[in-house]
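Peer 1: Have a look at this one before I ask anything.
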């Protein structure tokens with residue numbers, strides 16, 4: 001009879017927590033800061049580019065729709081890593097229903113004037129991250145972005161069961 | 001507020017107005033991009049080539065600006081083309097289906113050669 005083995009999810013190691021004022025332009029500063037933190041782990045260039053786009057978009061959404069560009073209400077960004085995943089949580093004071101209700105962009109509708117030319121943010125995030133989850137925690141709206149990755153530089157012993 | 005860095009250069013190559021885009025294309029780039037487009041449309045230009053070889057970053061607002069350019073180009077019966085996109089931004093053009101409305105080439109030389117071939 002086969003024995004079921006317990007599944008051990010790798011523990012996440014918190015690499016950094018950032019705080020950025022909710023002002024346009026800071027989304028790219030924040031995304032580049034996250035990549036700088038991840039630099040020692042030598043992630044694939046393609047993964048880094050997808051992360052830059054998604055984190056900048058999620059931070060812009062948090063600043064604009066969550067914190068209404070109130071500079072005194074910063075966006076919080078938490079970066080965690082395991083041997084197999086990178087998780088970035090972007091935290092604001094937004095309303096989850098308002099963000100989820102956004103209409104999916106359609107180029108033909110935009111060219112025909114039926115949709116605004118803008119509105120590509122969530123679309124890009126969904127395509128650039130391997131997983132995206134949006135949820136509330138207390139009064140905070142959190143966008144959790146996940147990427148699968150392999151880093152030879154990450155301490156592989158971290159979070160594993162001792163042999 | 002951090003000021004996004006973007007530089008635009010406009011030149012003409014026959015019937016093609018070339019806009020060389022350097023740096024970051026975000027919402028802050030709107031005025032400059034629209035002015036560059038108007039400048040590129042001056043004269044005999046019936047094609048506008050957006051050269052992205054020196055692009056560092058484009059976000060969702062920048063994609064929105066390209067859609068706006070596309071709408072203006074169609075109204076003026078001008079054809080938009082793009083070249084010099086990195087693999088990452090080429091993928092974004094495909095995901096957003098911008099590549100169905102804007103002809104994408106590897107290099108400026110490829111784009112200009114394609115126009116000469118189609119004119120011949």
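Peer 1: Determine the shielding of peptide B:49-59 by partner chains: average, over its residues, the number of Cβ atoms on other chains within 10 angstrom of each Cβ.
Peer 2: Mean inter-chain Cβ contacts per residue within 10 Å come to 2.
Peer 1: Assuming 0.36 nm per residue, please report the length gained on full extension of the stretch residue B:34 to residue B:109 beyond their Cα-Cα distance.
Peer 2: 24.6 nm
Peer 1: Here is a further query. Compute the helix-to-body angle for B:87-96: its Cα long axis versus the longest principal axis of chain B, expressed 0 to 90° and rounded to tens.
Peer 2: Rounded to the nearest ten degrees, it is 90.
Peer 1: Let me ask something else. Angle, helix B:30-41 long axis vs. longest principal axis of chain B, Cα atoms, 0 to 90°, nearest 10?
Peer 2: 10
Peer 1: Next question, about the same structure. Taking the Cβ of each residue in A:92, A:106 as the centre, tally the other Cβ atoms inside 10 Å and list the residues starting with the fewest.
Peer 2: A:106, A:92
Peer 1: Still on this model: When the helix-only estimate is applied to the protein assembly as shown (DSSP H runs of n ≥ 4, each -39,500 (n - 2.57), divided by the residue count), what is the mean residue ellipticity at 222 nm, nearest 500 deg cm²/dmol?
Peer 2: Using -39500 (n - 2.57) per qualifying helix, the result is -10500 deg cm²/dmol.
Peer 1: Using Cα centres only, tell me the gap between segment A:83-136 and segment A:29-66 in whole Å.
Peer 2: 15
Peer 1: Take every residue in peptide A:118-125, count the Cβ atoms of other chains within 10 Å of its Cβ, and give the average of those counts.
Peer 2: 5
Peer 1: Which residues does a label at residue A:29 reach in segment B:50-94, if reach means a backbone N under 15 Å from a point 7 Å past the Cα toward the Cβ?
Peer 2: Inside the label zone: nothing.
Peer 1: Another question, if that's okay. Taking every residue in B:90-97, how many Cβ atoms of other protein chains lie within 10 Å of its Cβ, on average?
Peer 2: Shielding by partners across B:90-97 averages 4.
Peer 1: Report, please, the projected area of the protein assembly as shown averaged over directions, based on the convex hull of its C-alpha atoms, in nm².
Peer 2: Result: 19.5 nm².
Peer 1: Additional query: Quick check on the exposure proxy: order B:107, A:53, A:59, A:84 from fewest to most C-beta atoms within 10 angstrom.
Peer 2: Placing the least packed residue first, the sequence is B:107, A:84, A:53, A:59.
Peer 1: Kindly express, to the nearest 10 degrees and within the range 0 to 90, the angle between helix B:60-75's C-alpha long axis and the longest C-alpha principal axis of chain B.
Peer 2: Value to nearest ten degrees: 30.
Peer 1: Figure the gain on full extension for residue A:37 and residue A:68 (residue separation times 0.36 nm, minus the Cα-Cα span) and round it to one decimal in nm.
Peer 2: Extra length available between residue A:37 and residue A:68 comes to 8.4 nm.
No value in this document is a laboratory result; all are computed from the given coordinates. Values in this document were obtained by computation on a predicted structure and should not be read as measured data. Using ideal geometry, Cβ is built from the backbone for each residue, glycine included, and neighbour counts are taken over all protein chains shown.
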